[in-house]
Amino acid sequence: MIEQVVAQWHRFLDGDGDLGDLLADDVVFYSPVVYTPQRGKDVTTMYLQAAGQVLVGDGADGSFRYVKEVVDGDTAVLEFETSLAGKYVNGVDIIRCNAEGRIVEFRVMLRPLQAINAVHEQMRKMLESFSS
């Protein structure tokens, strides 16, 4: 099942998929810069759409790519690289799905510290633009 979820995730990032169909209602999102888990489909959608814009879309320089994928059982670990504001960004998406093929947990980890700071600033701006 996780293989289909990862394929749908890639389609979403390519602009050819619906995130709403991919997320469980009770999904939990773990941000690299927000201390508390973000719970629910609406808030997770907001964070993932903002991250898509910042890291893959208009906010990035077009260099986003997954460099490794490890898939086992209900979990996928996807390592990515990109550049943002002239900073190298290396990160990992950890995705866990349920038996229905919906994402129930999405965890993002980033490095190095300069990248975390750059992503944090761009995500803050993007999330503010969503709420205005």
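Note down all Cβ pairs under 8 Å where the first residue falls in the stretch 87-105 and is over 22 Å from residue 33 (Cβ atoms) and hydrophobic (A, V, I, L, M, F, W, C), the second is modelled with pLDDT under 95 and assigned to a loop (DSSP other than H, G, I, E, B), and they're at least six residues apart or on different chains.
Note: pairs meeting the criteria are 97/1; 99/1.
Give the residue that is nearest to residue 106 (Cα to Cα), with candidates limited to residues of the stretch 72-90 that are in a strand (DSSP E or B) and open to solvent by 50 Å² or more (accessible area, probe 1.4 Å).
Let us first name the residues in the stretch 72-90 that are in a strand (DSSP E or B), namely 72, 75-84, 87-90.
Then keep just the ones that are open to solvent by 50 Å² or more (accessible area, probe 1.4 Å); that gives 72, 77, 87-88.
Values: 72: 15, 77: 10, 87: 24, 88: 22 Å.
Out of the qualifying residues, it is 77.
For the stretch 59-70, does any single residue satisfy the condition of being under 24 Å from residue 7 (Cβ atoms) and open to solvent by less than 30 Å² (accessible area, probe 1.4 Å)?
Kept after step one, since they are under 24 Å from residue 7 (Cβ atoms), are these residues of the stretch 59-70: 60, 62-70.
Still in the list and also open to solvent by less than 30 Å² (accessible area, probe 1.4 Å): 60.
The answer is yes, given that some residue of the stretch 59-70 is under 24 Å from residue 7 (Cβ atoms) and open to solvent by less than 30 Å² (accessible area, probe 1.4 Å).
Among the candidates 78, 23, which residue alone is more than 26 Å from residue 131 (Cα to Cα) and of a type outside the set (S, T, N, Q)?
Numbers: 23 fails: more than 26 Å from residue 131 (Cα to Cα).
78 is the lone residue from the list that is more than 26 Å from residue 131 (Cα to Cα) and of a type outside the set (S, T, N, Q).
Give the residue, chosen from 108, 54, 43, that is part of a helix (DSSP H, G or I), within 22 Å of residue 129 (Cα to Cα), touching a residue at least 12 places away in the same chain (Cβ under 8 Å) and touching a Phe, Trp or Tyr at 6+ places or on another chain (Cβ under 9 Å).
From the options 108, 54, 43, the qualifying one is 43.
The values are calculated or read from the model by the stated rules, or taken from the named source; none is laboratory data. Predicted model, so just to flag it, every value in this text is computed and none were measured. Cβ coordinates were reconstructed from backbone atoms using ideal geometry, including for glycine residues, and neighbour counts include every protein chain displayed. Accessible surface areas use protein heavy atoms only, side chains included; no ligands, DNA or RNA. Shrake-Rupley method; radii C 1.70, N 1.55, O 1.52, S 1.80 Å.
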